[in-house]
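Readers should treat all values here as calculations from the given coordinates under stated rules, not as data from a laboratory. Since the model is a prediction, treat every value here as computed from it, not as a measurement. Every residue, glycine among them, receives a Cβ derived from its backbone with ideal geometry; neighbour counts consider all protein chains shown.
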Amino acid sequence: MTEYISHSLEDTDRIAKDIASTFKGTEVIAMKGGLGVGKTTFTRGLAAHFGVSEGVHSPTFAIVNEYKGTVPVYHFDMYRVMDEDDLYSTGFYDYLGKGLIIIEWSENILEYLPEDAVFIELSYGEDENTRIIKRM
Amino acid sequence: MIILSIDSSATAASAALTEDSKLVGEFFTNTDFTHSRTLAPMIENLLSVSGKTTYDVDLIAVSNGPGSFTGVRIGVSVAKGIAFADDLPCMAISTLESMAYNLILTDCIVCAVMDARRNQVYNAMFRIRFGEVERLCEDRAISLANLKAEISEKYNGQRVILVGDGSTITMREVMDLPMSVEMAPESIRFQRASSVAAAAQAHLAAGEKPLKSAELLPSYLRLSQAERERKEKEAVKQASEDNAN
């Protein structure tokens, strides 16, 4: 496990790019963390490393956004996905191995994630601008 | 009878035109999930090089699952669309059953398996004798461990051949059984439209009535009830633990 401390949006962005530089672009990134903790900012950083410069926003209603980068980036929000039937009907399994898969609210589908998924946990730090980012 | 058959239930997609027992043409691609862009042009090209139009077609046969959610949806939607426009009769064929027809000349037990992820497969068993396919169980989602147990109990001593994109993971599972299980050669291992047509012909010959386009539905074969129940139990347990804290 690696732990990073962020003191700003810029820090979170830089840490995300740092972590992304270790990826090939076919990984499944399972993110966990409460509202406003920076999941989407973190995702923007990951996507930016793979050449996605704009348009990254949380796919709460669409469930998945696709971004064209140097590899395809698939951005999922599993907030409304409650069981495996739901997951299947998002087409999730069809995306595995086709590009970088970034999942917000991955705790909802924990038992269905591939064994080699990369876990990122974001949590609040001591003050309102501080975040703790753990990579597992 | 001219049958236009379609399969896009997994990563490959294909369309075939058969006239009675003759395969007039078949278009096959295996280029990952691009079916929404490629399937309709494939059908258009297939008809055009065969000198036919949809008006010449008597029946549309489509593999309606199990398989990839997106793939199955695209195949069934395209079939429905063409059938609706020209009011053509349709037939839905199980993807697993269609693959049994790949081995139609070999007397054997066909174990059709498609990867359903996390050590599960979509599966059905068939017996082929004298060029006829007999279904031995319904399409289902089953764990590799349970499938292995069933193969060893029920089919020991018989010639069992695996077809489908779950063949490799199934083979790995059953390798240490004291019986021989074979994998179909690569060229006839996977689902394809011409086999969907062959299955449709057998269904017609057996007296099955075709469907209207509106009656054609995907069959996703949802994952096992047991798993969903387990998850519900876990949720209840979690909730009571949360309350206790």
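For this structure, a couple of remarks:
- Label-reachable residues, the range B:112-151, where backbone N falls under 18 Å from a point 7 Å from residue B:176's Cα toward its Cβ: B:119, B:144-151
- Distant alpha-carbon pairs in the range B:97-188 (separation over 18 angstrom), percent: 36 percent
- Of the residues B:35, B:60, B:83, the one whose Cα sits farthest toward the positive end of the charge dipole of the range B:1-114, with +1 on the Cβ of Lys and Arg and -1 on the Cβ of Asp and Glu, is B:35.
- Calculated Rg and Dmax of chain A using C-alpha coordinates, Å: 13.8, 41
- Hydrodynamic radius of the range B:180-221 by the Kirkwood approach over all distinct alpha-carbon pairs: 13.0 Å.
- C-alpha center-to-center spacing [the range B:134-156, the range B:93-122] in angstrom: 11 Å
- Radius 10 Å from Cβ of residue B:159, net charge of other residues (Lys, Arg +1; Asp, Glu -1): -2
- Rounded to whole Hz, the Karplus (6.51, -1.76, 1.60) HN-Hα couplings of the range A:117-127, x for glycine and proline: 4, 9, 9, 10, 10, 10, 9, 6, x, 5, 10
- Local electrostatic count at residue A:2 - Lys and Arg +1, Asp and Glu -1, tallied over other residues with Cβ under 9 Å: +1
- Chain A: angle of helix A:39-49 to the longest principal axis, Cα-based, in degrees nearest 10: 80 degrees
- Within the listed set A:113, A:122, A:46, the Gaussian network model of chain A (springs between alpha-carbon atoms below 10 Å) gives the highest mean-square fluctuation for A:113.
- Only alpha carbons enter this Debye calculation for the range A:33-105, each as an equal point scatterer, and the log10 of I(q)/I(0) it gives at q = 0.11, 0.22 Å⁻¹ is -0.25, -0.97.
- Comparing B:120, B:158, B:191 in a Gaussian network model of chain B where C-alpha atoms under 10 Å apart are linked, the largest mean-square fluctuation is found at B:158.
- Evaluated at q = 0.10, 0.11 Å⁻¹, the base-10 log of the normalised Debye intensity for chain B, with identical point scatterers placed on the Cα atoms, takes the values -0.50, -0.59.
- Residue mean of other protein chain beta carbons inside 10 Å, A:76-88: 3
- Within the range A:49-90: backbone nitrogen closer than 13 Å to the residue B:37 label point (7 Å, Cα to C-beta): A:68, A:72
- Gap separating the Cα centres of the range A:1-26 and the range A:76-136, nearest whole Å: 16 Å
- Of B:64, B:102, B:45, the one that fluctuates the most in a GNM where chain B has Cα springs shorter than 10 Å: B:45
- With Cα atoms, 0 to 90° folded angle of helix B:35-49 axis to chain B main axis: 30 degrees
- Degrees, to the nearest 10: B:69-86 long Cα axis against longest axis of chain B: 30 degrees
- Total formal charge among the other residues, if their Cβ is under 12 angstrom from that of residue B:205, Lys/Arg +1 and Asp/Glu -1: -3
- Kirkwood hydrodynamic radius over Cα pairs of the protein assembly as shown, then Stokes diffusion coefficient at 20 °C and 1.002 mPa s, in µm²/s: 93 µm²/s
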